[in-house]
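Rule-based calculations on the coordinates, nothing more; no lab input. Just so it is clear, the model here is predicted, and its values are computed rather than measured. Cβ sites come from the backbone with ideal geometry, for glycine too, and all protein chains shown count toward neighbours.
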Amino acid sequence: MSRISYVPAIDGLRTLAILPVVFFHLGFSWIPGGFAGVDVFFVISGYLITSIILDECHSGTFSFLNFWKRRIRRILPALIAMVIVTSVVGYCLRYGRDVQDIGLQGAAAIASLANVCLWIMAGDSWGSAAENASFLHTWSLSAEGQFYLFFPLFLFLVIRFIPQHIFKAVSALAICSLMLYVFGADRYPVETFYLLPARIWELAAGSLLAVGLNHSTWRTNRL
């Protein structure tokens, strides 16, 4: 069990990050860059996940199964409820191909594959197909969920075998992802927007902050 205590300020930061996104999608012209709140949210999530993993590895209580079970219990019930309500409303208000898309997108959201599904089905995140997608807002949650799957293993192995180089390892991961983002922004903008590899650097930025704050912990840990 993690010794990381609940910090209300973190939820406050998350709220401040999400509100601009909501206002942006509502069409408020005074906040044209509100979508950047998603990037801030990714940084916060990276910080939290890394802090938890470092704390549990240092105390010898880390378990992949328990880590993923906590994420599922925290996210899945609310996500399933949202998908059900949105699907029911969508089936009542839409028709034809849109109804089929609702089912596919809802299932993809629950499976943490909404970003992949929207990349294939909707394409350009600023296009009409994406704007009309009932579950467009779940792409970032799916990207974050995919990060939750691979990053704990990456961080665990680094702490296990090269704990003295954990900052360098996470930095290398962030730099590779950032380079992919810069390369793909013009050449493959849709893939770069939706898919995790080009988004890892944002989550890793928060991870680096957590590593820096836990410097003495991970440096002395040998598992």
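How high is the FRET efficiency between F167 and N66 when r is their beta carbon distance and R₀ equals 25 Å, given to the nearest 0.05? Mind showing how you got there, number by number?
Values: r = 26 Å, r/R0 = 1.02.
FRET efficiency, F167 to N66: 0.45.
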Radius 14 Å from Cβ of A109, net charge of other residues (Lys, Arg +1; Asp, Glu -1): -2
